[in-house]
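Here the structure is laid out as structure tokens; the discussion comes afterwards.
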Protein chains: 2
Amino acid sequence: MTPKLEDVAKLAKVSKTTVSRVLNKRGYLSQKTIDRVYAAMRELNYHPNVVARQLYKSQTNLIGLLFPTVANPFFGELVDALEKNLYRQGFKVLIGNSMNDPKKEAAYLDQLLIKQVDGLIVGTHNQGIKEYDTANLPIVAIDRIMNADIPIVESDNYRGGELATERLIQRGAKHIIHTNGPIDLETPARRRRVAYEGTMQAHNLEPLTYTVDFNISAKAKKEIFEKIFQEHPEVEAVFAANDVDAALIMNVAQKLGRQVPKDFLVIGYDGTQVVRELMPNLTTIMQPTAQMAEQAVKVLGQRMNNEPTETEYILPVKLWSGTSA
Amino acid sequence: MTPKLEDVAKLAKVSKTTVSRVLNKRGYLSQKTIDRVYAAMRELNYHPNVVARQLYKSQTNLIGLLFPTVANPFFGELVDALEKNLYRQGFKVLIGNSMNDPKKEAAYLDQLLIKQVDGLIVGTHNQGIKEYDTANLPIVAIDRIMNADIPIVESDNYRGGELATERLIQRGAKHIIHTNGPIDLETPARRRRVAYEGTMQAHNLEPLTYTVDFNISAKAKKEIFEKIFQEHPEVEAVFAANDVDAALIMNVAQKLGRQVPKDFLVIGYDGTQVVRELMPNLTTIMQPTAQMAEQAVKVLGQRMNNEPTETEYILPVKLWSGTSA
DNA sequence: TTGTAAGCGTTATCAG
DNA sequence: CTGATAACGCTTACAA
């Protein structure tokens with residue numbers, strides 16, 4: 001079996017306490033003892049058992065990350081940034097891709113709450129999971145409204161909606177359609193819809209929002225987008241809920257003979273690095289993923305130390321100016 | 001503090017053993033006792049402490065995933081699929097984005113080997129990390145050669161290289177350049193280079209491979225790609241190491257006045273779902289991420305049960321036929 | 001059908 | 001400077 005502290009102690013002819021002291025560099029120790037212990041460790045290829053340590057300290061140095069799926073570039077980039085920040089602080093990352101399945105999310109939660117992690121960062125879109133309320137655990141939400149106790153880190157969705165809409169108007173479009181998630185979801189992304197509608201009205205234009213569930217397949221989405229063109233042949237521009245949707249819309253538009261940007265404009269949302277590399281011509285609103293991650297980790301740290309925090313952190317967005325709008 | 005087993009036992013007026021039995025549905029118990037215990041649990045909002053259980057069982061039900069970064073769509077999709085499969089088997093996932101930093105990879109390894117995880121799935125590109133050799137832990141590699149003890153799951157890189165090269169030749173290109181990672185890395189992706197070179201020679205064409213480090217920035221990559229056109233103005237097609245590189249190359253080509261596919265062809269590699277949605281016109285080789293994930297998890301399971309496994313699993317690739325080549 | 005007690009591998013208190 | 005020993009919260013022989 002894997003050697004334990006006791007084996008090292010025996011081999012080095014010292015007590016367990018001493019080995020533990022060497023391991024944690026605590027207290028006074030003679031150099032001779034230290035050397036003997038290290039030698040014994042090497043000889044046995046000893047590695048301390050983290051779980052035993054976790055039990056005693058009742059902390060795991062693990063942070064849970066609950067997101068829809070890292071297969072989506074936005075969440076992939078965000079999770080990557082979170083991991084980087086957490087690693088720097090000595091935390092490792094336990095990841096759960098709830099994939100919009102409330103059952104899976106609740107199951108994860110149930111298991112993570114159980115002292116498996118020291119904290120949680122949540123960015124899923126599911127609603128009404130009651131476990132969050134009784135969760136006796138520091139939590140931070142990213143782009144998701146949970147309950148009054150849980151601080152939110154988000155990008156400036158209102159400004160993003162405004163920027164996108166203004167861009168399309170400024171480019172000469174009048175019939176502009178917006179796609180967004182279900183209206184009943186209490187997500188900050190809803191503010192984009194509000195911004196879009198407000199900006200349209202301020203310009204005496206008629207807002208029109210299509211609801212597109214994010215869980216559905218690309219094929220189903222495309223059908224909805226085709227309907228947009230059928231039901232509103234006058235449409236000149238679309239402000240999409242995210243970049244993948246924007247790409248799908250461009251694709252549909254081109255199939256229907258619309259040329260971008262000559263007679264149809266598209267603007268996306270998220271603007272991750274990968275998407276900017278794959279489609280540099282797609283005009284989009286960039287969410288500041290790096291700063292969001294940094295802020296979330298910082299706030300989580302404060303929560304874990306019982307320091308006070310704000311309830312909401314709003315980070316600035318930027319326009320990525322391509323040729324699609 | 002959070003309630004423990006003992007508190008539940010006291011409240012229900014039974015022993016710790018009984019509570020544990022109820023919790024694990026083991027042995028014979030009277031319904032009355034069961035009900036009393038459940039009631040007590042609810043009253044205290046009790047949740048068992050996983051770490052204590054982990055210590056006793058000396059297993060964590062955690063699997064470590066070591067990959068370069070989930071911000072890259074290929075690894076994002078792969079990690080997503082791995083998580084899905086592992087979750088189904090009752091495992092949770094601890095993730096490490098080594099980001100091509102050998103120090104970080106070694107540090108992760110050091111900590112994960114320490115009884116923190118029950119198994120490891122590795123897909124990083126770093127070389128020469130000796131910890132893997134002494135690792136007393138079931139490991140499976142994805143698209144990476146580690147050492148003789150560690151089974152590899154990969155897609156059919158040779159066939160992929162062949163398919164891509166043949167496609168370009170069949171489309172009429174003669175001056176075809178291939179980009180690939182450093183030749184000294186013992187990665188299965190090297191077989192693509194071999195396949196490319198073999199296929200070219202079989203058609204009496206001269207192969208030419210440019211080495212492009214994957215860790216470098218998009219900007220640095222673009223400079224290398226520009227050099228391709230400068231140094232080889234006769235180039236008619238590029239078989240890129242991956243889809244992101246393919247996109248960058250297309251971008252550079254267009255900036256230099258080359259029209260795709262009229263006078264320049266590009267074929268990518270990976271063919272993840274997101275990329276196919278964003279750039280449906282990009283011809284590429286699709287790696288079977290879902291099957292690779294499933295196979296890796298299956299093999300890891302066998303390893304963990306000390307069952308014999310093959311040393312190599314090669315899964316079939318497919319061509320995604322776009323318009324870029 | 002239920003309980004007692006030992007043990008999982010650490011750390012920390014206290015004594016020397 | 002070093003060593004017994006209890007404790008972290010759970011599971012499981014073994015006993016009753």
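Taking Cβ atoms as reference points and 15 Å as the exclusive limit, the residues near A:Lys32 contribute a net charge of +2, counting Lys and Arg as +1 and Asp and Glu as -1. Remark: for residue pairs A:Lys255/B:Lys219; A:Lys92/A:Lys221; A:Lys174/A:Lys318; A:Lys25/B:Lys115; A:Lys221/A:Lys262, the C-alpha separation exceeds 26 Å in A:Lys255/B:Lys219; A:Lys92/A:Lys221. When B:Asp184 is represented by a point 7 angstrom out along its Cα-to-C-beta vector, the spacings to that point in the other copies are 6.0 nm, nearest first.
Counted over all Cα-Cα pairs of segment A:157-286, pairs farther apart than 19 Å make up 44 percent.
Just counting partner chain Cβ atoms within 10 Å, what average do the residues of peptide B:30-42 show around their Cβ?
Per-residue shielding by partner chains comes out at 0.
Ranked from largest, the principal axis spans of the Cα set of the protein assembly as shown equal 76, 64, 50 Å. Helical content alone sets the calculated 222 nm signal of chain B at -14000 deg cm²/dmol, taking -39,500 (n - 2.57) per DSSP H segment of four or more residues and averaging over every residue. When the Cα convex hull of segment B:262-301 is projected onto planes of every orientation, the mean area is 3.2 nm². Amide H to amide H distances under 5 Å link A:Leu315 with A:Glu154, A:Ser155, A:Asp156, where only residues 5 or more positions off or on other chains count and H is placed in the peptide plane. Taking Cβ atoms as reference points and 12 Å as the exclusive limit, the residues near A:Thr272 contribute a net charge of -4, counting Lys and Arg as +1 and Asp and Glu as -1.
In units of the compact-protein estimate 2.2 N^0.38 Å, segment B:5-57 shows a Cα radius of gyration of 1.07. Counting Cβ atoms of other protein chains within 10 Å of each residue's Cβ and taking the mean over peptide A:90-97 gives 5. With the simple model of a label 7 Å out from the Cα in the direction of the Cβ, A:Asn204 to B:Glu223 spans 5.3 nm.
What does the charge count near A:Ala220 come to, summing +1 for each Lys or Arg and -1 for each Asp or Glu among other residues with Cβ under 13 Å from its Cβ?
That sum, taken over residues with Cβ under 13 Å, equals -1.
Applying both filters, DSSP loop and at most 13 other Cβ atoms within 10 Å, to the trypsin sites (Lys or Arg not before Pro) of segment B:105-199 gives B:Lys130. Size descriptors for segment B:1-146, from the alpha-carbon set: Rg then Dmax equal 20.3, 60 Å.
By DSSP, the beta bridges lying fully in segment A:42-127 are antiparallel in about 0 percent of cases. Rounded to the nearest Hz, the phi-derived 3J(HN,Hα) couplings of segment B:275-285 under the Karplus curve 6.51 cos²θ - 1.76 cosθ + 1.60 (θ = phi - 60°) are 5, 5, 7, 6, 10, x, 7, 7, 6, 7, 9, where x marks glycine and proline. Using only Cα atoms, locate the centre of segment A:47-94 and the centre of segment B:93-167, then give the distance between them in Å, rounded to an integer. Taking the Cα centre of each part, segment A:47-94 and segment B:93-167 sit 19 Å apart.
Each copy carries a label point for B:Thr309 at 7 Å from Cα toward Cβ; from one copy, the others' points are 3.8 nm away, ordered from shortest. Working from Cα pairs under 8 Å separated by at least six residues, relative contact order for chain B is 17 percent. Peptide B:73-82 shows a mean partner chain C-beta count of 5 within 10 Å per residue C-beta. Between B:Val266 and B:Val238, B:Ala325, the built amide H atoms are under 5 Å apart, and every one of these is 5 or more places off in sequence or on another chain.
Just for the protein assembly as shown, what percent of DSSP beta bridges are antiparallel, to the closest 5?
Values: 9 of 75 bridges.
Bridges in the protein assembly as shown that DSSP calls antiparallel: roughly 10 percent.
Counting neighbouring beta carbons within 10 Å and listing from fewest to most, the residues A:Tyr269, B:Tyr210, A:Tyr28 come out as A:Tyr28, B:Tyr210, A:Tyr269. Each peptide in A:306-318, A:244-256, B:83-95 gets a packing score, the mean of other Cβ atoms within 10 Å over its residues, and the list from highest to lowest is A:244-256, B:83-95, A:306-318. With Cα atoms defining each centre, segment A:227-248 and segment A:289-325 are spaced 29 Å apart in the structure. Sorted from closest to farthest, the other copies place their A:Arg171 label points 2.7 nm away, with each point set 7 Å from Cα along Cα→Cβ. If R0 is taken as 25 Å, the Cβ-Cβ distance between B:Ser30 and A:Lys130 corresponds to a FRET efficiency of 0.20. Each residue of segment B:30-37 is assigned a 3J(HN,Hα), and the resulting list reads 6, 4, 4, 4, 3, 4, 4, 5 Hz, derived from the Karplus form 6.51 cos²θ - 1.76 cosθ + 1.60 (θ = phi - 60°), x at Gly and Pro. A cut-off of 5 Å between modelled amide H atoms, ignoring neighbours fewer than 5 places along the same chain, links A:Leu208 with A:His178. Computed over segment A:122-211, the Cα gyration tensor eigenvalues convert (square root of 5λ each) into semi-axes of 32, 12, 8 Å, ordered from largest to smallest.
Taking θ as phi - 60° and the Karplus parameters 6.51, -1.76 and 1.60, the scalar couplings of segment A:243-251 work out to 5, 5, 4, 4, 5, 4, 5, 4, 4 Hz in sequence order, x denoting glycine and proline.
We did not get these values from a lab; they are worked out from the coordinates using the rules stated. Note that the coordinates shown come from a computational prediction; the quantities given were computed from them, not determined experimentally. We place every Cβ from the backbone using ideal geometry, glycine too, and count neighbours over all the protein chains shown.
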